[in-house]
Each structure stands twice: as structure tokens, then as C-alpha cells.
Amino acid sequence: MTGELWTPVISMVGVAVGGALTYLTQRATQRGADRAEEHRRAAALAEERRAEQIRTVLEFIRFALEAEGVAHARPPAWEVGDEWYRTARPAIDGLRIAENGVHLLCAPGLHTPTTAYARALNQAVWQEHGEASLAERLEPVKVKFLAVARRSLT
């Protein structure tokens, strides 16, 4: 009779242990899946931010090249409202907006070279050209900007 009494108890203990093991397995599996999903989301967000930073830097470069072209085309004498000015003003405005985009979205290490390059371009567009050629004045700040941009985006 003793064996008959223990059989239901052993069965209940087996069911309880089996249920507990199933629960623990499912919980561990779910936690692993949650961690994997969180890593996937973090990686996707990082890639989206990197793509946005690349677009921002490229936009700055586009406006920098436009401003450089305007500086090369600068006539010896110009007035507010003449044809050259109507080209120069939007180029510099776009450069300033793009510069602020870099400051807003990119790594802080890129801010100083971006500002230096934008200032050099601004001076090249609006101020009299000295003895140094435009390329000699712009090339050092451009090279530094591009080097820092490349490092910050990799």
C-alpha cells in the first residue's frame, strides 16, 4: 500500500519539476531573444545615425565647393545686388546652415575643423585676395577638415 500512496506524489513532483524546467527554459529563451532584439535595434540606430552624419558632411562639402567656386569667380569690384553677389550670398548662407548641421549631428571633434574651413571660405568670398593664392589659403584647412571627417565617420 505504501507504493500506491507514493505514486501520485511522485507523479505530481515530476509534473512540478517538468513545469518548472519548461518555465525556466522559456524564460531564458525569451531573455536571449530580447537581448538579441535590443542589440539589433541599437545596431540599426547606430547605422541610421552614421548615414545621417555622412549626408550632413557631404552637404557641407557640397556647399564648401560651391563657396570655393564663388570665391574663384569673385570680381575685383562688386556691389550688393549685382549678379556675383546674388550667387555668393546663397552659397555662403547654405555653407553656414550646413556647418550648423555638422555641429548638431556629428562628433564634437569635427566642429573645430568645420568652423575653420567655413571661416576660411567666408573670408575668401567676401574679402580682398592677398598675395597668397586662393588654393594656398584654403587647402590646409580643407585637408584638415577632410582628414578629421574621414576619421569621425569610420
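The values are calculated or read from the model by the stated rules, or taken from the named source; none is laboratory data. Worth saying up front: this structure is predicted, and the values here are computed from it rather than measured. Note that we place each Cβ from the backbone using ideal geometry, even for glycine, and neighbour counts take in every protein chain shown.
Look at residue 139 and say whether it is in a helix (DSSP H, G or I), over 25 Å from residue 46 (Cα atoms) and charged (D, E, K, R).
Against the criterion (in a helix (DSSP H, G or I), over 25 Å from residue 46 (Cα atoms) and charged (D, E, K, R)), residue 139 qualifies.
Do we have any residue at all in the range 9-27 that's in contact with a Gly (Cβ under 9 Å, 6 or more places away or on another chain) and not polar (S, T, N, Q)?
No; the residues of the range 9-27 include none that is in contact with a Gly (Cβ under 9 Å, 6 or more places away or on another chain) and not polar (S, T, N, Q).
Could you check how many residues of the range 119-141 are in contact with a Lys or Arg (Cβ under 7 Å, 6 or more places away or on another chain) and touching a residue at least 40 places away in the same chain (Cβ under 8 Å)?
Adding up the residues that qualify gives 2.
Kindly list the number of the only condition in (1) more than 16 Å from residue 53 (Cα to Cα); (2) surrounded by 20 or more Cβ atoms within 10 Å (Cβ to Cβ); (3) hydrophobic (A, V, I, L, M, F, W, C) that fails for residue 110.
Only one criterion in (1) more than 16 Å from residue 53 (Cα to Cα); (2) surrounded by 20 or more Cβ atoms within 10 Å (Cβ to Cβ); (3) hydrophobic (A, V, I, L, M, F, W, C) is unmet by residue 110, namely (1).
Yes/no matrix, rows are residues, columns are (1) modelled with pLDDT of 85 or more; (2) surrounded by 10 or more Cβ atoms within 10 Å (Cβ to Cβ); (3) assigned to a helix (DSSP H, G or I); (4) among the aliphatic types (A, V, I, L, M):
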site	(1), (2), (3), (4)
5	no, no, yes, yes
13	no, yes, yes, yes
25	yes, yes, yes, no
29	yes, yes, yes, no
34	no, yes, yes, no
40	yes, yes, yes, no
45	yes, yes, yes, yes
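Please state which of the following conditions residue 129 fails to meet, knowing it meets all the rest: (1) surrounded by 12 or more Cβ atoms within 10 Å (Cβ to Cβ); (2) more than 19 Å from the chain's Cα centre (by Cα); (3) not in a loop (DSSP other than H, G, I, E, B).
All conditions are met except number (3).
May I ask you to verify whether residue 89 is among the basic types (Lys, Arg) and closer than 22 Å to residue 129 by Cα?
So residue 89 fits the description; yes.
State the number of residues belonging to the range 48-84 that are assigned to a helix (DSSP H, G or I), surrounded by fewer than 16 Cβ atoms within 10 Å (Cβ to Cβ) and charged (D, E, K, R).
7
Return yes when residue 116 is surrounded by fewer than 19 Cβ atoms within 10 Å (Cβ to Cβ) and farther than 19 Å from residue 59 by Cβ and no when it is not.
No: the conditions fail for residue 116.
Can you find a residue that is among the hydrophobic types (A, V, I, L, M, F, W, C), farther than 20 Å from residue 152 by Cβ and either assigned to a helix (DSSP H, G or I) or without any contact (Cβ under 8 Å) to a residue 24 or more places away in the chain (or both) anywhere in the range 90-113?
Yes, that holds for at least one residue.
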